[in-house]
Amino acid sequence: MILVVNAGSSSIKFKLYDISQKNNPISLVEGLAERIKVDGALTIKMNDKKHQFDDKMDDHLMAVKSILNRFKELKVIENIEDIKGIGFRVVHGGDKIVKPVELTDENKKTIEENIRLAPLHNPGALTAIEAFEKGLPNAKLVGCFDTSFHQTMPEKSFLYTVPYSWYKEYKVRKYGFHGISFDYITEECAKIFNKKKEKLNLIICHLGNGASMCCVKHGQSFDTTMGLTPLAGLMMGTRSGDIDASILQYMAKELNKDVYEITDILNKQSGLLGISEISSDMRDITNEAFHKGENANRAYLTLELYSERVAEYIVKYANHLQGNVDAIVFTAGIGENSSVIRSWAMERVKLMNIEIDKEKNEADYDLYMEISTPNSDVPVFKIRTDEELMICKETLKFLK
Ligand code: ADP
């Protein structure tokens, strides 16, 4: 079995896979340990049934022990030694880590060095890695990084137009995120189009609560919308995306706050929430816009702003690919489920002839569906992403 872990400073999200059929890992249970260091709460979902436990969790190690004990109690596993590998999602691998790696002391040190670039994410991952190392000393530990897929970007994509010394001395550059999802979608497209990954040119729109896009050229990341941090690029649930950098000092002065407080507003009170003043959740905004509530106009405007930005990057990335685009793909919570955003974004792409099939755009689907008509210059797809499965498959490679 392989356990996939996504950990924060006070939570551990996990999914356990049976890997006896190597090409087809099967998910057995998933769950969440949360309120670590507070009181502790553990939820395990198994066969659509939720089991809840109030296990005390003073630290990540106690959380790990309680997860493993409950696995035994629920008879998910007989012996914890059956878990042969653990795959961790890690946000920032900096410019050193370019693919999934075994979590050796050296690679753990790299995660630690990158805490200054991802202060909210890397510490939690590191603490969880150390806890699982103690809890399951014989398992192989593998790290999959959100940044590593983008390490193929050329300098002209990743450099900011700031003093070059900022890049050299302080590592100020575009790193990009959601790489595990972009990699997964690229592999799925290789299967769907029956084409070698190295031959694929894609424009992928990963539109979740956090959102970013990737220009995939010859199977590799060529450009992406997030930057040094996940604040850049598209409009998101609560993040502004790209704005004039001077707004920071201007609003710091106007509101008598420091740059940290203003950056916090750009991360937590902007985007869909900031513009709509309704919600950070796309479902709420879509409902408001189409059910003509009191705030319908603002909700409508929010949807327009959101779609326009996606369209702008589609055009930019089609230009990067000289028009040779195998597919435009929508994925993650909004990309997979919002027919409005998909059709509005594509309507705003004026430099390509793309026609969305209304019925297919709105239809239920299992793993993927083409939503454009055969008249379109480029096919458009909705594809479900699965970052946990991708991490499981990458971890499996280290067990062979
Ligand atoms: P995260 O980045 O937290 O993993 P998700 O990928 O789960 O986020 O995406 C969450 C977003 O997806 C929310 O804005 C939510 O409103 C949106 N979403 C989920 N289902 C639908 C739906 N049926 N229609 C429109 N938006 C949806």
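Observations, loosely collected:
- Neighbour cut-off at most 15 other Cβ (10 Å), DSSP loop, trypsin sites (Lys or Arg not before Pro), region 27-77: ARG35, LYS37, LYS56, LYS75
- Between the beta carbons of GLU73 and LYS350, assuming R0 = 56 Å, the FRET efficiency works out to 0.45 to the nearest 0.05.
- More than 18 Å apart - percent of Cα-Cα pairs taken over region 222-290: 43
- Pairs from the list LYS75/LYS382; LYS13/LYS109; LYS15/LYS134; LYS134/LYS191 with a Cα-Cα gap above 28 Å: LYS75/LYS382; LYS134/LYS191.
- The residues of the chain present an accessible area of 49 Å² per residue when probed at 1.4 Å with all protein chains retained.
- Trypsin sites (Lys or Arg not before Pro) restricted to DSSP loop in region 312-393 with at most 16 other C-beta within 10 Å: ARG348, LYS350
- Globularity index of region 112-157, i.e. its alpha-carbon radius of gyration over 2.2 N^0.38 Å: 1.47
- Evaluating 6.51 cos²θ - 1.76 cosθ + 1.60 at θ = phi - 60° for every residue in region 35-47, the Karplus couplings come out as 6, 5, 6, 9, 10, x, 8, 10, 10, 10, 9, 9, 6 Hz, glycine and proline recorded as x.
- For the chain, the calculated P(r), taken from all Cα-Cα distances in 10 Å bins from zero up to the bin holding the longest distance, is 5, 21, 30, 27, 15, 3, 0 percent.
- Mean sequence separation of contacting Cα pairs (under 8 Å, at least six apart), scaled by the length of region 1-100, corresponds to a relative contact order of 25 percent.
- If R0 equals 45 Å, the separation of the Cβ atoms of LEU301 and THR152 corresponds to a calculated FRET efficiency of about 0.75.
- Values of log10 I(q)/I(0) for region 120-254 across q = 0.09, 0.15 Å⁻¹ run -0.36, -0.88, by the Debye formula with one identical scatterer at each alpha carbon and no solvent.
- Computed log₁₀ I(q)/I(0) - Debye formula, equal Cα scatterers, no solvent, region 316-400, q 0.19, 0.24 Å⁻¹: -0.85, -1.15
- Mean Cβ neighbour count within 10 Å, used as a protection proxy, ranking 122-129, 98-105 highest first: 122-129, 98-105
- Helix-only mean residue ellipticity at 222 nm for the chain, each DSSP H run of n ≥ 4 adding -39500 (n - 2.57), per residue, nearest 500: -11500 deg cm²/dmol
- Whole-Å semi-axes of the ellipsoid equivalent to region 2-145 (Cα gyration tensor, √5λ, descending): 24, 19, 12
- Compactness relative to 2.2 N^0.38 Å, alpha carbon Rg of region 193-387: 1.07
- When a 1.4 Å probe is rolled over the protein heavy atoms, the share of accessible surface on region 171-273 that falls to carbon and sulfur comes to 51 percent.
- Two-site FRET efficiency, ALA245 against GLU359, from Cβ-Cβ distance with R₀ of 56 Å, rounded to 0.05: 0.80
- The fraction of Cα-Cα pairs per 5 angstrom bin, counted from 0 for region 354-400, comes to 5, 21, 18, 14, 11, 10, 10, 7, 4, 0 percent, rounded to whole percents.
- Antiparallel %, DSSP beta bridges [both residues in the chain], to 5: 70
- Carbon and sulfur %, accessible surface of region 2-145 computed with the full protein complex present, 1.4 Å: 45
- Carbon and sulfur %, accessible surface of region 285-400 computed with the full protein complex present, 1.4 Å: 46
- Inter-label distance for ASP377 and LEU120, nm, one decimal - labels placed 7 Å from Cα along Cα-to-Cβ: 3.7
- Computed log10 I(q)/I(0) for region 95-179 at 0.11, 0.12, 0.13 Å⁻¹: -0.35, -0.41, -0.48, from the Debye equation with unit scatterers placed on every C-alpha and solvent omitted.
- Inter-label distance, VAL98 to LEU389: 2.9 nm, where each label sits 7 Å from its Cα along the C-beta direction.
- Where GluC sites (Glu not before Pro) fall in DSSP loop in region 201-277, at most 12 other Cβ within 10 Å: GLU277
- One chain, two ends: PHE290 and ALA252. Fully extended at 0.36 nm per residue, the span grows by 10.1 nm beyond their Cα-Cα distance.
The values are calculated or read from the model by the stated rules, or taken from the named source; none is laboratory data. Remember, predicted model here, so these are calculated numbers, not experimental data. Glycine gets a Cβ as well: all are built from the backbone with ideal geometry, and neighbour counts include every protein chain shown. All accessible areas refer to the heavy atoms of the entire protein, side chains included, with ligands and DNA or RNA removed. Shrake-Rupley method; radii C 1.70, N 1.55, O 1.52, S 1.80 Å.
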